[in-house]
1. With every protein chain kept in place and ligands, DNA and RNA left out, what is the accessible area per residue of the range 41-117? Probe 1.4 Å, answer in Å².
2. Given the C-alpha centroids of the range 19-57 and the range 282-348, what is the distance between them in whole angstrom?
3. As a test question: what accessible area, to the nearest 10 Å², does Asp325 have when a 1.4 Å probe is rolled over all protein chains in place?
4. State which helices in the chain qualify, where a helix is a whole DSSP H run, it must extend 15 Å or more along its own axis by its Cα atoms, and its mean Kyte-Doolittle hydropathy must be at least 0.0.
5. What shape does the range 263-350 have by the C-alpha gyration tensor, where a ≥ b ≥ c are the square roots of the eigenvalues, rounded means a/c under 1.5, and otherwise prolate means a/b greater than b/c and oblate the rest?
6. What part of the accessible area of the range 265-369, given as a whole %, is carbon or sulfur when the probe is 1.4 angstrom?
7. Residues with beta-carbon under 12 Å from that of Arg344, excluding Arg344: net charge, scoring Lys, Arg +1 and Asp, Glu -1?
8. In the range 222-321, which trypsin sites (Lys or Arg not before Pro) are in a loop and have at most 15 other Cβ atoms within 10 Å, using DSSP for the loop call?
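The values are calculated or read from the model by the stated rules, or taken from the named source; none is laboratory data. Bear in mind the structure is a predicted one, so any value in this text is a computation, not a measurement. Ideal geometry is used to build each Cβ from the backbone, glycine not excepted, and the neighbour counts take in all protein chains shown. To get the accessible areas, we keep the full protein, side chains included, count just its heavy atoms, and leave off ligands, DNA and RNA. Shrake-Rupley method; radii C 1.70, N 1.55, O 1.52, S 1.80 Å.
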Amino acid sequence: MAPGLRVALAQHRPIRLEVSLECGPGELLVLVGPSGSGKTTVLRCIAGLHHPERGEVTCGGSTWLDTDRKVSVTPQRRGVGLVFQHYALFPHLRALENVTVAMTHLAVARRVPRARELLALVNMEGLEGRRPDELSGGQRQRVALARALARDPAVLLLDEPFSAVDQMTRRRLRRELAQLRHTLQIPVVLVTHDLDEAQMLADRVTLLHRGHTLQSGPTREVMRRPVSAEAARLLDQTNVFSARIVSHEPQHGRTWIESDGLRLECAHTPEFAVGEPIDWLVPPSDVVLHRRDRPSRGERENPLRGTVSEFVILGDEALVNMDIDELDDTLSFTVSVHVAGRNRVGLGEPIGVSLLASGIHIMKRSAAD
């Protein structure tokens, strides 16, 4: 298999960058991070639209940028398909013409048939003759994607491609991209602010903050096991707390931590020393509500008591914030509205929960903490 995309970038201005990432052929990598973290600048560096102070970009075995060797391939020769947030279609051209205009590398006789193939691939068959102002936002985005693929690119870059369409269209476009990407044997890099979108589409996630790569890896690993409390909060993990390591019991496969006198069992994590201060998190999915009518053996696993300080119904689920009796802190989780009603979960109500030991993730305390 041909090598994929490898990027290493560094600069001080106009935005500070210290970024590294990889994306293999057929993989979809999502860049996430707050506004101003450098996501779009990274795409521009890959495409050759921005030249960093130092860096290296290789794709498919070809070197596109190597500042040490003074190599910088022009954007036109990099073989990049780029889809912008606002489509950037030519308003006076029909959909078919917007695609064929990107096919200067093909013989003239091949352009129209290939453009029709690509428009059919993105579910635009029958709409080839319409101009952009005669298309919906979702249809314009499909034409933009077909045009990006028309160059037979070595890499496909998508910069917030769904942000300008309504929620229903966004869901449909996500589904279509998920299906389409499995037919592409090239790296695909998607920039988004939407963490749900990242989890739905990505094979790998790179988390950027203030121009730095905080973490990069398989999507589930990054989302469930962030490297620090800072990374966890940027990934919208709400249940982040401080503690210290109390003991390790390798024979039982567990580690004990303590926070303000509360002892909790976790999966064995021997890389942390006894007495070391740490941060830890538990995803809402690993918080188990105790039943009022019939206690179970599972409730013995890291039990906590508290009072509901916030209760918000969101469709079929309810968001619950619980002020923890044992800690001066709040725990967040969701339950179905049916389960909440059956267990009399409501504002001001006392409730009990358990934290699954396998779900508690321990992180090294950052120097800033």
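1. Accessible area per residue: 55 Å².
2. Each part reduced to its Cα centre gives a spacing of 40 Å.
3. 100 Å²
4. Span-like helices here: 108-121.
5. Here the range 263-350 falls in the prolate category.
6. 51 percent
7. With Lys, Arg at +1 and Asp, Glu at -1, the neighbours total +1.
8. Counting only loop positions with at most 15 other Cβ atoms within 10 Å, the trypsin sites (Lys or Arg not before Pro) in the range 222-321 are Arg291, Arg292.
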